[in-house]
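Before any comments, here is the structure.
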């Protein structure tokens with residue numbers, strides 16, 4: 001099956017699980033045409049189809065509760081209950097039980113794409129080795145969260161670069177058009193409960209963000225609280241596209257809350273699963289890190305090694321380190337690099353096919369409301 005009918009089939013299935021927003025799907029289709037990395041980020045459903053065919057030997061690897069939609073821009077920061085800045089995997093929209101190799105190869109493939117575009121300054125061979133070295137190191141040590149207050153200076157430098165000008169973050173959130181009606185009651189309840197005080201005046205918007213989740217209902221609640229802005233988001237969840245591609249059984253469990261609780265990490269106290277909604281705090285220090293926001297001079301090897309380490313932190317939620325380590329150590333040392341090269345070519349072929357066969361309607365520029373004057 002080629003990429004266009006695969007996309008149509010997946011979106012038809014997704015539309016049976018939740019209401020979809022057609023305008024956002026159009027934005028997603030346009031974004032998928034922009035670059036191979038944006039395409040990869042938006043097409044985990046396609047990865048779930050092609051990976052078992054291209055890497056059948058890796059499908060026999062030890063199973064874990066994996067991220068699924070893992071890539072180099074699915075990492076970010078948050079504040080733990082002590083207020084410390086923590087770094088790790090940013091979201092788990094596609095979490096599912098799958099071979100541990102799926103996450104590693106997808107992460108490595110995305111790194112290759114980032115290297116091709118100059119966002120990461122390292123060779124593909126060294127990048128692949130860094131990811132696998134980090135993963136194995138974490139398994140040997142039983143994992144460890146990435147608290148940036150005292151440790152990981154290179155990673156901290158890369159993570160905080162985007163925090164120097166927080167005004168742009170809040171300006172972007174305020175630019176979304178205010179909703180005429182309130183969000184669905186299931187989302188509204190979660191948003192209001194996550195606010196620090198009752199009775200706050202909330203401004204609700206439909207938030208447009210990311211790539212893979214574009215098309216889903218995603219609500220933003222903004223408020224002024226004690227001298228500054230605060231924000232909460234509710235994003236609708238459904239079962240992973242991995243289950244769509246691998247099984248015809250209707251329905252499956254949403255594993256988001258379980259992976260948050262069981263992974264080796266300092267949890268974000270402002271992330272909650274409420275029914276089929278993930279509710280979270282949004283702030284400049286609590287969001288995804290884009291490659292474009294990295295400092296011009298960065299240590300790509302350290303960054304990729306940390307990503308491999310954090311992947312193991314997640315996998316240790318559902319599998320013993322010894323089993324994963326035994327599987328990883330018995331494979332040829334070049335297995336990750338070779339698998340990533342194969343999946344990279346498959347992704348590039350699909351991307352070219354997408355661009356040639358999909359007519360993406362021009363997207364009108366969204367008008368932003370003027371920024372309100374500051375209060376002296």
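Observations on the model:
- When peptides 282-290, 18-26 are ranked by their average number of other Cβ atoms within 10 Å per residue, the highest-first order is 282-290, 18-26.
- Modelled FRET efficiency - R0 41 Å, residue 357 with residue 226, Cβ distances, 0.05 increments: 0.20
- Each part gets one Cα centre, and for the range 169-224 versus the range 293-344 those centres are 35 Å apart.
- Protection proxy ranking of 73-86, 124-137, 104-117, by the mean of other Cβ atoms within 10 Å over each peptide's residues and highest first, is 104-117, 124-137, 73-86.
- Cβ-Cβ FRET estimate between residue 182 and residue 54, R0 fixed at 35 Å, reported to 0.05: 0.15
- Those residues of the range 325-342 whose amide nitrogen sits under 20 Å from the label point placed on residue 125, 7 Å along Cα→Cβ: 331-342
- With the helix formula -39500 (n - 2.57) applied to DSSP H stretches of n ≥ 4, the chain reaches a computed 222 nm mean residue ellipticity of -14000 deg cm²/dmol.
- Residue 150/residue 297 FRET efficiency (R0 30 Å; Cβ-Cβ; nearest 0.05): 0.85
- Computed packing ranks the peptides 312-320, 145-153, 342-350 as 312-320, 342-350, 145-153, most packed first, by mean other Cβ atoms within 10 Å.
- The chain - Rg and Dmax from Cα coordinates, angstrom: 20.2, 64
All of the numbers you see were taken from the coordinates with simple rules; none came from a lab. Worth saying up front: this structure is predicted, and the values here are computed from it rather than measured. Counting neighbours? That spans all protein chains shown, and the Cβs are built from the backbone with ideal geometry, glycine included.
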